[in-house]
Amino acid sequence: MFFFMLLLAREASARCLGDGVQVFPRPGATVPTNTRLLLEGIGTARALVADLPGKTMRLQTEGHEVRVKAQRGWTSELGRVTVVLKPDGKLLPDKTYTLRLDDALPGTVKLLNGTGTSLPEWLAGKGPDKVAPTWIKRPAVSEGLARRSAEGITRYVRLTMSMREESPSYLVVTLTRKQAGASSQHYVIPVVNGSALLGHEPCSGAFGFEDGKSYRARVEVFDSAGNLAPPVPPMDFEAPTAPAEKSE
């Protein structure tokens, strides 16, 4: 999650992430000097992020700043929205940049995937990334997870993959239930250590599933500079079924 939803299996616990924002690439990561950023709003922050397109923020380092303009991205059916933050210039190599979220969002908005600071930071790498990801192993469905708690159901399907790529990467997924006339869900999820998780936690999520139903996922894979990987075939799978509620 965008994002935004930086989840591994250990993080896919039966809990709510809460209200706030997430950013991709994850704070603390090394990014190319031509990186783009994704900003996701969750819960009460969803409306704030949805209103950002057309507004600007700043990426700052000592003696240099780059303005980033918010562009429309993706909206999930389960209480999340992601916008693209596109810089109007390149970052300086080997410098740490801070994104001034407070340029456009209230200072009370919580950064959910931060590294201990209220504003996210990244290290700019040696230069721009102009090379698209190449596949070592194309994305495939590896497992499903469904848990029930007092807060609700957590349900994920894990995609695993391997690619030659130096920059952080993400998927743009079109998910469709395999039945006539079904509408599609369209959202973005990050790749973390060769995995991406489609689904939701109890209070919000990127994608909604129905127990045991058949789905088809079509994916596009981008690095953080916007380079598109070679196309991959669609993936078919059945949504994991949540355990039954315990009777009193």
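Around PHE209, under 10 Å between beta carbons, what's the net of Lys plus Arg minus Asp minus Glu among the other residues? Don't skip to the answer; put the middle values down first.
Details: positive: ARG155, ARG177, LYS213; negative: GLU210, ASP211, GLU238.
It works out to a net charge of 0.
Mean projected area of the convex hull spanned by the Cα atoms of the chain, taken over all viewing directions: 13.9 nm². Per-residue Karplus couplings for segment 179-184, computed as 6.51 cos²θ - 1.76 cosθ + 1.60 with θ equal to phi - 60°, are listed in order as 8, 4, x, 5, 7, 9 Hz, Gly and Pro entered as x. With θ taken as phi - 60° and the Karplus curve 6.51 cos²θ - 1.76 cosθ + 1.60 applied, the whole-hertz 3J(HN,Hα) list for segment 210-218 is 10, 3, x, 7, 8, 9, 10, 10, 10 Hz, x standing for glycine and proline.
In deg cm²/dmol and to the nearest 500, what is the mean residue ellipticity at 222 nm of the chain if only DSSP H runs of at least 4 residues count, each as -39500 (n - 2.57), divided by the residue total? Kindly include the intermediate steps, with their values, before the conclusion.
Values: 1 runs with 6 residues, N = 248.
Calculated at 222 nm, the ellipticity per residue is -500 deg cm²/dmol.
Counting heavy atoms of the protein chains alone, MET163 has an accessible area of about 40 Å² for a 1.4 Å probe. Quick one: if the Förster radius is 25 Å, what FRET efficiency do GLU62 and GLU166 give, using the C-beta to C-beta distance and rounding to 0.05? Efficiency, rounded to the nearest 0.05: 0.50.
Roughly how compact is segment 42-119, stated as its Cα Rg over 2.2 N^0.38 Å to two decimals? Present the calculation step by step, with values, prior to reporting the outcome.
Values: Rg = 13.2 Å, N = 78, 2.2 N^0.38 = 11.5 Å.
This ratio for segment 42-119 stands at 1.15.
Just name one of VAL49, ASN113, VAL66: the one whose Cα is farthest towards the positive end of the charge dipole of segment 20-124 (beta-carbon charges, Lys/Arg +1, Asp/Glu -1). The Cα lying farthest towards the positive end belongs to VAL49. Phi-derived couplings, Karplus 6.51 cos²θ - 1.76 cosθ + 1.60 at θ = phi - 60°, listed residue by residue for segment 69-75: 10, 6, 10, 4, x, 9, 10 Hz, with x used for Gly and Pro. Contact order, relative form, for segment 75-230: 26 percent (alpha carbon pairs under 8 Å, 6 or more residues apart, mean separation divided by residue count). Within the same chain, lysines fewer than 8 places from LYS213 are excluded, and of the rest, those with a Cα less than 18 Å from its Cα are LYS178.
Extending 7 Å from the Cα toward the beta-carbon at both THR176 and THR134 defines two label points whose distance is 3.2 nm. One chain, two ends: LYS55 and ASP102. Fully extended at 0.36 nm per residue, the span grows by 15.7 nm beyond their Cα-Cα distance. Its alpha carbons give segment 134-239 an Rg and a Dmax of 13.9, 42 Å.
The values are calculated or read from the model by the stated rules, or taken from the named source; none is laboratory data. Keep in mind the model is a prediction, meaning the values are calculated, not measured. As a convention, Cβ positions derive from the backbone with ideal geometry for all residues, glycine included, and neighbour counts pool all protein chains shown. The area values use the complete protein model at the heavy-atom level, side chains included, leaving out ligands, DNA and RNA. Shrake-Rupley method; radii C 1.70, N 1.55, O 1.52, S 1.80 Å.
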